[in-house]
Amino acid sequence: MGEASRVTGRFRGTFDVLHSFTYFAPETEAALTGAGLRPGRMTYFAGRAAPMGAVSPGVVAATFYNFNPELVARYIPRAWTLATPEKIIEARFEAVDAALTRLLGKDTLGSEEVAEAAELAREATGGCQVDGRALYAGHADLGWPSEPHLVLWHAITQLREHRGDGHIAALVLNGLDGLSALVTHTATGKGFLAEAAKASRGWSDEQWDGAVAKLRDRGILDAEGGLTEAGNDLRERIEAATNEASTGPWEHLGEEKTKRLHELCGPLSRQAVEAGAFPANVFSTGR
């Protein structure tokens, strides 16, 4: 359990980069608009939700959790009238291929290290539990690509959505709705900057300030908008519960292979970040 717990706690810095860069890559919008979608937020909502099928805006808002449902409803279900989920999924893999080639280079993508990482990450997904994890389940039902770097991306995407579904369960259990979860996570200094969080998730200043006021009344935020001792304890409980719900893949993979996968993916993530995978002025320095 020791290595599994350590790795799941470090998931964001080591593994998640190799999935989440796709939301900022220009190749993603190019491929998905080429499939028929409109540019902008539609490509994000439809691209990530497509593995679940042509679901309703309510399903997308529920599984993505911290987005304003009114924002989601501007793009879903209209997206499904412009491109089928199957076509969107195909375009998404094309975008990942192009973006990884730009960020890491063909030599790296064709290396033994990437092939080894892909094999290990795919093996780790065998320890994921589908029960109660709708977004993970949709991705897990997709067929596996053949190229090692796409296998690696698809495996990490499954591990990421599996962890995310467990995180939502922890948030619900601890009484944080989507907006409150976003506000408190921003207050930790480890996620989005506040203005970027509001803009990307579609919350107005009034809605954000209302959530802050309620969290102050609950003793979770202080007068300056920072976490109180109770707020820090709450976020720590949520992270601990998330980690506990996410150890299955690493226990399945085993300590030695888990450690090796971490060693392989760390340099790839750093290379992607150094190549400009993420824009400036979006994440706090604690990311």
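The values are calculated or read from the model by the stated rules, or taken from the named source; none is laboratory data. Nothing here was measured: the structure is a model prediction, and the numbers come from that model. Cβ: placed from backbone, ideal geometry, glycine included. Neighbour counts: every protein chain shown. These accessible areas exclude ligands, DNA and RNA; they are computed on the full protein's heavy atoms, side chains included. Shrake-Rupley method; radii C 1.70, N 1.55, O 1.52, S 1.80 Å.
Odds and ends about this structure:
- Of all residues making up segment 80-121, the number that are touching a residue at least 24 places away in the same chain (Cβ under 8 Å) and touching a Leu at 6+ places or on another chain (Cβ under 8 Å): 21
- Applying the set (1) at pLDDT below 95; (2) of a type in the set (Asp, Glu); (3) farther than 22 Å from ALA137 by Cα to GLU29 leaves exactly one unmet item: (1).
- Contact annotation: residue pairs with Cβ atoms under 6 Å, 6 or more positions apart or on different chains, pairing a residue in segment 62-76 that is within 14 Å of LYS198 (Cβ to Cβ) with a partner that is part of a helix (DSSP H, G or I) and among the basic types (Lys, Arg), are ASN66/ARG201; PHE67/ARG201.
- Qualifying residue in segment 161-177 (condition: more than 24 Å from HIS139 (Cβ to Cβ), assigned to a helix (DSSP H, G or I) and not hydrophobic (A, V, I, L, M, F, W, C)): no
- Residue check: LEU71 meets all listed conditions (1) open to solvent by 30 Å² or more (accessible area, probe 1.4 Å); (2) farther than 17 Å from ARG160 by Cβ but one, namely (1).
- Summed over segment 174-201, residues that are hydrophobic (A, V, I, L, M, F, W, C) and surrounded by fewer than 19 Cβ atoms within 10 Å (Cβ to Cβ) total 4.
- Cβ pairs under 6 Å, 6+ apart, first in segment 226-244 and among the hydrophobic types (A, V, I, L, M, F, W, C), second loosely packed, with under 13 Cβ neighbours inside 10 Å: ALA230/GLY219
- Helices (runs of 4 or more DSSP H) enclosed by segment 202-287 - at least 1 residues per element that are open to solvent by 80 Å² or more (accessible area, probe 1.4 Å) and farther than 28 Å from VAL114 by Cβ: 205-217, 229-244
- Apart from one condition, ARG133 fits all of (1) closer than 14 Å to ARG48 by Cβ; (2) within 16 Å of the chain's Cα centre (by Cα); the exception is (1).
- Residue under evaluation THR14, criteria (1) touching a Ser or Thr at 6+ places or on another chain (Cβ under 9 Å); (2) assigned to a helix (DSSP H, G or I); (3) of a type outside the set (Phe, Trp, Tyr); (4) modelled with pLDDT of 95 or more, criterion not met: (4)
- ALA155 vs. criteria free of Cβ contacts under 8 Å to residues at least 40 places away in the same chain and open to solvent by less than 40 Å² (accessible area, probe 1.4 Å): yes
- Any hit, segment 80-101, residues being hydroxyl-bearing (Ser, Thr, Tyr), closer than 22 Å to VAL17 by Cα, in a helix (DSSP H, G or I) and within 19 Å of the chain's Cα centre (by Cα): no
- A count restricted to segment 107-139 and to residues that are of a type outside the set (D, E, K, R) and under 21 Å from THR247 (Cβ atoms) stands at 16.
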